[in-house]
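The values are calculated or read from the model by the stated rules, or taken from the named source; none is laboratory data. Note that the structure is a prediction, hence the values are computed from the model and not measured. Glycine gets a Cβ as well: all are built from the backbone with ideal geometry, and neighbour counts include every protein chain shown. Areas reflect the complete protein model, heavy atoms only, side chains present, ligands, DNA and RNA absent. Shrake-Rupley method; radii C 1.70, N 1.55, O 1.52, S 1.80 Å.
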Amino acid sequence: MRRLDSRTVYYGLSFTRAMAVGWVVFDLFLVRVLHFTPLELILMGTAMEATIFVSEVPTGVVADTYSRRLSFIIGIVGMGGAVIGVGLSSAPWLVIALWALWGLSYTFTSGAFEAWLTDEIGLENVGTVFLRGTRVRIVGSLSGLFLFGAVGLLSLRAAVIGCGALEAATGLACIFLMPETGFRRGVASVRDRALAELRTTALGGVRFVRGNALVLVLVATELFAGFGAEAFDRLTEAHVIRDVGFPAGINPIFGFGAVSVVAMVFGFFAVGRVIRRVDRGGTRTVARLLVVFTLATIVGQIAFALGRNFWLVMAVFLAALLARGLLAPLYTTWFNRQITDSSVRATVLSISSQANAIGQATGGPVLGVVGNVFGIPAALVVGALTTLPTAALYGRALRHGGVEPELRRLPVTAEA
């Protein structure tokens, strides 16, 4: 079977993976069917992030050493299988364990997907493709929201299982359709020196991060972003359902679904404007936009936590989603442009994700306890405030002109 063009595959995977995510039905399943407490909801994320912390760099090294395509396929099939398992489960301990498995599977995709695309199309082309991929994901998310939202009206459990099945099927399709022409395995791996090459790649990735001031700062931003992210990621639906309440006659699937639809439609057009600004202004524009959208996200999350009027809460929830949705492609674009050594690209990207995982794994239990003791709004406010250093670090990097990788090098020692 003839493999497809790499851009076509990237956009296709962006569409189907976004379609399969189904966070609205997934989170409602946890809150309304399994009746998870705030601490249990956050412990799911903690288990996932702890697994990511342990596995992120090793799996990134595997992607750099053997095959980014193979690593991605293993990850996406595993993620889909874990979601299917959650849909078939009821015991909190089992769901938390399955979500740890999801985290392990995710690490096989983290970094590998972006590194694969960068090698296939070239470093100079990835920024615009990443941003266009965000628009494709919006369309995919809309399609998945309508499809699995309709299924969720009949059975939230069936909707969760359907999301997992679609993701696993997408991974299996990659076996036949996904090309890999830009990646070159090292000679050492061919000569059965696998462990030595794994170690060499890992140390190379660590040295690259240590030797580049801007990359080090960007990794640090992920640490703080992760620490505060767990509350908003895990407790938003529970906050609206339990603390604010839905007006009579509005099904939560319709309520959250409507917000998601509006966020996706506005996001689709907003990303178009961002693409044009990035094309005109380059990396410095990316850095400025990251500062603006990070601050907007923090303000929106605090307003969401403190509001009590349903319509006001949903409006600020929408605003926070819009700002938050633009952060990932902007960060990925900026970070990727700093990684000038393709041989450690997936490893360095994995180190960044690992920093985020450390933040979420350490911050999650703290925010869960705050939610159980002081209430979900308190956990949401604390989570938003702990991400403030992220904006400060972005601003520092921008003030110091940290936008050209070749100008921001630090001395590199021989040791790891």
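May I ask you to list the residues in segment 150-165 that are touching a Gly at 6+ places or on another chain (Cβ under 7 Å) and surrounded by fewer than 22 Cβ atoms within 10 Å (Cβ to Cβ)? Hits for segment 150-165 are VAL151, ARG157, ILE161, ALA165. Among the residues making up segment 147-161, those that are free of Cβ contacts under 8 Å to residues at least 60 places away in the same chain and not in a loop (DSSP other than H, G, I, E, B) are ALA150, LEU154. Within the span defined as segment 178-199, every residue fails to be surrounded by 15 or more Cβ atoms within 10 Å (Cβ to Cβ), at pLDDT 65 or above and in a helix (DSSP H, G or I).
Give the residue that is surrounded by the fewest Cβ atoms within 10 Å (Cβ to Cβ), with candidates limited to residues of segment 265-298 that are of a type in the set (A, V, I, L, M) and modelled with pLDDT of 80 or more. Don't jump to the end; show me each part of the working.
Here is the first cut: in segment 265-298, the ones of a type in the set (A, V, I, L, M) are 265, 270-271, 274-275, 278, 286-287, 289-292, 295-296, 298.
When the remaining residues are screened for being modelled with pLDDT of 80 or more, the result is 289-292, 295-296, 298.
Details: LEU289: 20, LEU290: 25, VAL291: 18, VAL292: 14, LEU295: 17, ALA296: 18, ILE298: 22.
For segment 265-298, the residue satisfying everything is VAL292.
Give the residue that is most open to solvent (accessible area, probe 1.4 Å), with candidates limited to residues of segment 98-137 that are in contact (Cβ under 8 Å) with a residue 40 or more places away in the chain and over 22 Å from ASN336 (Cα atoms). This residue is LEU101.
For segment 215-237, filtered to residues that are under 21 Å from SER141 (Cβ atoms) and open to solvent by less than 20 Å² (accessible area, probe 1.4 Å), the residue that is nearest to the chain's Cα centre (by Cα) is ALA229. Within this structure, GLU40 passes the test of being of a type in the set (Asp, Glu), assigned to a helix (DSSP H, G or I) and open to solvent by 40 Å² or more (accessible area, probe 1.4 Å). Among the numbered conditions (1) modelled with pLDDT of 90 or more; (2) in a helix (DSSP H, G or I), the only one that ASP27 does not meet is (1).
Could you please find all residues in segment 81-97 being open to solvent by 30 Å² or more (accessible area, probe 1.4 Å), in contact (Cβ under 8 Å) with a residue 12 or more places away in the chain and part of a helix (DSSP H, G or I)? Correct list: GLY81, ILE84, PRO92, ILE96, ALA97.
Based on what the data block shows, is GLY325 open to solvent by 60 Å² or more (accessible area, probe 1.4 Å), out of contact with any Ser or Thr (no Cβ under 6 Å at 6 or more places or on another chain) and small (Gly, Ala, Ser)? Steps first, answer last, please.
Numbers: open to solvent by 60 Å² or more (accessible area, probe 1.4 Å): no; out of contact with any Ser or Thr (no Cβ under 6 Å at 6 or more places or on another chain): yes; small (Gly, Ala, Ser): yes.
For GLY325, the condition - open to solvent by 60 Å² or more (accessible area, probe 1.4 Å), out of contact with any Ser or Thr (no Cβ under 6 Å at 6 or more places or on another chain) and small (Gly, Ala, Ser) - is not met.
Listed here are the residues, each with its yes/no results for (1) over 16 Å from the mean Cα position of the chain (by Cα); (2) farther than 19 Å from GLU230 by Cα.
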{"residue": "GLU49", "(1), (2)": "no, no"}
{"residue": "THR59", "(1), (2)": "yes, yes"}
{"residue": "ALA63", "(1), (2)": "yes, yes"}
{"residue": "TYR66", "(1), (2)": "yes, yes"}
{"residue": "TRP93", "(1), (2)": "yes, no"}
{"residue": "ALA100", "(1), (2)": "no, no"}
{"residue": "TYR106", "(1), (2)": "no, no"}
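Let me confirm something: among THR134, THR107, which residue is part of a helix (DSSP H, G or I) and at pLDDT 85 or above? Working first, answer last.
On the way: THR134 fails: at pLDDT 85 or above.
Unique residue meeting the criteria: THR107.
Close contacts from segment 13-28, counting a first residue that is of a type in the set (Phe, Trp, Tyr) and a second that is open to solvent by 20 Å² or more (accessible area, probe 1.4 Å) and part of a helix (DSSP H, G or I), with Cβ to Cβ under 6 Å and a gap of 6+ residues or different chains, come to PHE15/VAL136. Taken together, the criteria place GLU56 among residues that are closer than 30 Å to THR181 by Cα and either open to solvent by less than 10 Å² (accessible area, probe 1.4 Å) or touching a Gly at 6+ places or on another chain (Cβ under 8 Å) (or both).
Of the residues GLN354, GLN301, only one is crowded, with 22+ Cβ neighbours inside 10 Å and within 24 Å of PHE113 (Cβ to Cβ); which? If you could, list the steps in order and put the result at the bottom.
Values: GLN301 fails: within 24 Å of PHE113 (Cβ to Cβ).
Criteria check complete, one pass: GLN354.
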